[in-house]
Amino acid sequence: MTRRCLLRLYQALLALYPRSYRLTFSAEMVEVFRQALDDRPALWRLVQLELFDLPRAALKEHLSELGANSRASRGGLWVVSRRELALTLGAFAIPLALIAWSGPGGSLSAALSAALPAALLLIGLVLGAGLLKGLPRWCLPYLGLALSLVTFLVSFTWLADLMLPTVPPWLGPGPHEHSTRLLWQGLLTGMMWFSLFLVILAVWLGLGLLRRLGQFQPSANTDWTQVSFTLYGGAMTALLLLVQDYRNSDSMALTSLACLAGGALLYLHVNKPWQRLLALSAGVTMAMGIAAGGMWLNAPLQAAWAGPWNTPETERWFDAWRALLVWGWLIFFLLAPGLLKLLAGGQGPRPANERVNDEPAFC
Amino acid sequence: MIAKENLNANLPLTEVTYFILLSLLSEPRHGYAIMKDVRELSSSRVELSTGTLYGAIKRMLEQGWILRSDDPHASSSGRERKFYRLTPLGRRIFDAEVDRLDVLLVAARLRQAGESI
């Protein structure tokens, strides 16, 4: 292999290095390699030294750059303290407490209804603490969880009772074909999430009236993912409602909640809005996937329901599709704040280094 | 002035870093000259590839131990050449490493000679 070919090969291999590194050093490195080729009689030794070492050195530079970027983001806007992490995870521990309260094999739905006063208390405490701190990110899942408990168990029930007389008999609850039952479930789920979305928007807009809210609203204007993160808290309630009547609902709920907590942790650590949305979407997708899989497996273990349309085989398909519907609506409403912002012609989130002063105070 | 504790926080130096700083101790050099000098100083035991050399140079530039400048006497072909020289901080880091190695060497020699330290 001629010296010229070796030089060209070396230049091509330099593409393995990170771009910033290449801009700074590649010309020099090529010149040094050229001089080494001219000076060294033992070409094979030089090839062995340079070309086999280059990929290792390039990988080291990539890792070094990743570490530097990670340190830079930790030093920037999205600093995540251990306290903030612990407080955020605390929100996902609340449903675990509910599961423990219902006891092994107990009724989750009864536990959820019984938890309503506590939910109202939680709203008051979270809003109070959040207002004092300017509504930091850690309190948003609490807010979403508490508002969803109230919305799903109280206001939606009231809405459903109000609307039921207007629903055509072929669509409403009752013994129907699969597709009709799914359509009814789809509408029901959509209405539940829409009502929660409206409540969260109303709370956010209402809070904006208070002087202290000036700290929250501007940051939500530049970071709409915080509204999505609030909605994400409601996913915990949706999950518990989905699996509540099932055997082994404890283990299904536990595993799914762990996925939701993982999505929240990832949300806190990433910088860009699309990354945050992806983190929340991933958490929801894994959680609902586990719930759907668990219901699929456990459907034959359920006590037989009345009616010819309640065979275990049809129910497992129906409930798996129901989980998919919940997932679909949840993803839609997680994206909704961003869509609204686009439609309103908003500027979109400013780069992180411009947002430092807008951010609410972290704990 | 950097406190001694802060200097020691950067020790021990890797062999590559040590030899590059040693090479720049006497005079500023460009990349290939550093490679050749290190080979000579280590009796051909340490042979730097360009990847290892410039990776170490990059880190030392970031830490402020060396400075980079254009070659005032660029070659007639106009090829890219940069010179590197030691900064006062780099000199202090190198001196601290030599002191550290001194202590190790003295202890070893005394023990080998059967004397107490």
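Only the coordinates and a few stated rules stand behind these numbers; no lab work does. Owing to the predicted nature of the structure, the values given are computational and were not obtained by experimental measurement. Neighbour counts are summed over all protein chains in view; Cβ atoms, including those assigned to glycine, are modelled from backbone coordinates with ideal geometry.
Odds and ends about this structure:
- When the P(r) is computed for chain B, the part past 25 Å accounts for 31% of the Cα-Cα pairs.
- Angle in degrees between helix B:15-26 and the longest Cα principal axis of chain B, rounded to the nearest 10: 70
- Peptide B:87-94 has a mean of 0 when you count, residue by residue, the C-beta atoms of other protein chains within 10 Å of its C-beta.
- Inter-chain neighbour count for B:55-67: the average number of beta-carbon atoms from partner chains within 10 Å of each residue's beta-carbon is 2.
- Averaged over the residues of B:28-38, the number of partner chain Cβ atoms lying within 10 Å of the residue Cβ comes to 3.
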